[in-house]
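Worksheet: one structure, shown below.
The values are calculated or read from the model by the stated rules, or taken from the named source; none is laboratory data. This one's a predicted model, so the numbers in the text were calculated from it and none came from an experiment. Here Cβ is always computed from backbone atoms with ideal geometry, including for glycine, and neighbour counts include all displayed protein chains.
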Amino acid sequence: MQMDAELVQWHLEVGHGSRDVAAFIEGFGDKLVQCGLPVERIVFGTFVLHPQVGGIVYRWRVEDDEVWHRDLSREFFGNRRGEPSPFEELERTEQPYRTTPTAEHHMEDVAALHPEGYVDLYAMPFWMDGGFQGGVTFATRQPGGFSDGDLGRLQAQHTAFCAVLEHIIRESLMRRLLHFYLGAGAGERVYRGDVHRGEGRVIPATIWFSDLRGFTSASESMSADDLLALLNEVFELQIDAVQAHGGEVLKLIGDGMMAIFEAEDGAAAAIAAAQQAQASMAELRRTRAQAGKREPEVGIGLHFGDVMYGNVGGKTRLDFTVIGSAVNRTARLEALCGKLNRRILISQDLADRLDLPLEQLGSHAVKGVPEPLLVFGLAETD
């Protein structure tokens, strides 16, 4: 029983402090070996609440230097539904499962262990919120497989294993969801406790504001499903471009998007992101034209200035965003894209930070800005 107490103590004192699931699984596997259990392979998998990921799986092997990890799509689970596997068996029975890997085993996942020399596999369900949420398998190459004592010790620590891992998964998912919905920077700040209304900091940044032209007419002439599909396509290529160049997407506002580039080279990065986005848009237009679908146009306004980056809102609903005159100027700049028939427009404040040949497009009066905006454009090939 001393070994069982040692494992439970490890969960509560060491495992509980793991930075993520991979670190926990790695430490757990090493601890099992240290405690004399003949576990040489651990696979842990669980369903997760995430907009794009259906589940996560981690694999530890005694001979590996690090834990292998993979996100599984919802389509993956749909395609594998009904195929025999240890996790399918755990979900069906919600009871521990033991089997011997052989070349002819009816479960493909188990048969794949035979050439690697594994002779025994033991699986247990993973519980979260009091219900089945996945499972963990232990495999060994030890002749004769696991002893009854080995299995008893694995079972004795399993409640602590589930409780501690549930906590780590919740923290990890909360962090990922905050990043997903708020952006990496804002999400991380909220996760670390920057949640007080009215708090913020002034930062210099290149601000991006983009908008889908003709959205009102599109919403009148397209079905809701087609309109949603179009928006997803347009947003995806813009988000990919912004994130590829170190920017942070702060808001999706109807058919518009706001992002910032904080780095010292944020001006050049924003230009590169805008060019990538428009190149992707050109390809999207060609693809949709071939399919007889509406060809979208997006205008992008880019400006450099100081913004207040922080929490604003009411007592029961907050938003993490940027505010200030620079944001307003960027939005007005983007609105000129249609008037000037340009896909990317740049303010003088940003142009002064660029070492690029730019075309001056004149000064333009815009709503809410006291002086006319001197506007610049990039050479456009499409």
Discussion item. All but one of (1) touching a residue at least 24 places away in the same chain (Cβ under 8 Å); (2) surrounded by fewer than 17 Cβ atoms within 10 Å (Cβ to Cβ) hold for Leu252; state the number of the condition that does not hold.
Written reply: (1)
Worksheet, complete the sentence: Only one of Gly246, Gly254 is touching a strand residue (DSSP E or B) at 6+ places or on another chain (Cβ under 8 Å) and assigned by TED's automatic domain parsing to the domain that holds Asn328, namely Gly246
Item to complete: Say whether the condition of being within 26 Å of Arg19 (Cβ to Cβ) and modelled with pLDDT of 90 or more is met by at least one residue in region 185-200.
Response: no
Discussion item. Given the condition surrounded by fewer than 16 Cβ atoms within 10 Å (Cβ to Cβ) and in contact with a helix residue (DSSP H, G or I) (Cβ under 6 Å, 6 or more places away or on another chain), answer yes or no: does some residue in region 46-59 qualify?
Written reply: no
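Name the single residue, out of those in region 255-279 being surrounded by fewer than 19 Cβ atoms within 10 Å (Cβ to Cβ) and hydrophobic (A, V, I, L, M, F, W, C), that is farthest from Asp349 (Cα to Cα). Full working, then the answer.
Here is the first cut: in region 255-279, the ones surrounded by fewer than 19 Cβ atoms within 10 Å (Cβ to Cβ) are 256, 262-265, 268, 272, 275-276, 279.
Keeping just the survivors that are hydrophobic (A, V, I, L, M, F, W, C) gives 263, 268, 272, 279.
Values: Ala263: 16, Ala268: 13, Ala272: 17, Ala279: 25 Å.
Among them, the one singled out is Ala279.
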Worksheet item: Somewhere in region 290-309, is a residue basic (Lys, Arg), closer than 16 Å to Leu212 by Cβ and assigned by TED's automatic domain parsing to the domain that holds Leu231?
Response: yes
Discussion item. Give me the residue from region 112-152 that is part of a loop (DSSP other than H, G, I, E, B) and of a type in the set (A, V, I, L, M) and, out of that set, surrounded by the most Cβ atoms within 10 Å (Cβ to Cβ).
Written reply: Leu113
Discussion item. Against the condition surrounded by 12 or more Cβ atoms within 10 Å (Cβ to Cβ) and in the same structural domain as Ile25 (by TED's automatic domain parsing), how does Arg92 come out, does it pass?
Written reply: no
Practice prompt. Among the candidates Leu230, Leu284, Leu237, single out the residue that is part of a helix (DSSP H, G or I) and in contact with a Ser or Thr (Cβ under 6 Å, 6 or more places away or on another chain).
Written response: Leu237
Worksheet, complete the sentence: When every residue in region 1-35 that is polar (S, T, N, Q) and without any contact (Cβ under 8 Å) to a residue 60 or more places away in the chain is compared, the one farthest from Ser172 (Cα to Cα) is Gln2
Worksheet item: Just for region 97-111: of the residues that are part of a loop (DSSP other than H, G, I, E, B) and polar (S, T, N, Q), which one is nearest to His158 (Cα to Cα)?
Response: Thr100
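Conditions tested, residue by residue: (1) in a strand (DSSP E or B); (2) polar (S, T, N, Q).
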residue	(1), (2)
Glu295	no, no
His303	yes, no
Val307	yes, no
Asn311	yes, yes
Asp319	yes, no
Asn328	no, yes
Ala331	no, no
Gly368	no, no
Leu374	yes, no
Worksheet entry | In region 80-132, the residues that are within 31 Å of the chain's Cα centre (by Cα) and at positive phi | Gly82, Glu94, Asp129, Gly130
Worksheet, complete the sentence: Out of (1) touching a strand residue (DSSP E or B) at 6+ places or on another chain (Cβ under 8 Å); (2) farther than 27 Å from Pro357 by Cβ; (3) touching a residue at least 40 places away in the same chain (Cβ under 8 Å); (4) not small (Gly, Ala, Ser), the one Arg213 does not meet is (2)
Discussion item. Criterion first (of a type in the set (S, T, N, Q), farther than 17 Å from Leu32 by Cβ and free of Cβ contacts under 8 Å to residues at least 24 places away in the same chain) does Thr93 satisfy it?
Written reply: yes
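Yes/no per residue for (1) touching a Lys or Arg at 6+ places or on another chain (Cβ under 6 Å); (2) at pLDDT below 90; (3) under 26 Å from Glu199 (Cβ atoms); (4) surrounded by 18 or more Cβ atoms within 10 Å (Cβ to Cβ):
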| residue | (1), (2), (3), (4) |
| --- | --- |
| Val327 | no, no, yes, yes |
| Ala335 | no, no, no, no |
| Arg343 | no, no, no, yes |
| Asp352 | no, no, no, no |
| Leu374 | no, no, no, no |
Worksheet entry | Hey, Leu318 in contact (Cβ under 8 Å) with a residue 12 or more places away in the chain, assigned by TED's automatic domain parsing to the domain that holds Ala218 and more than 26 Å from the chain's Cα centre (by Cα) or not | no
Discussion item. Need the failing condition index for Phe146 against (1) modelled with pLDDT under 85; (2) in contact with a strand residue (DSSP E or B) (Cβ under 6 Å, 6 or more places away or on another chain); (3) assigned by TED's automatic domain parsing to the domain that holds Val33, just the number.
Written reply: (1)
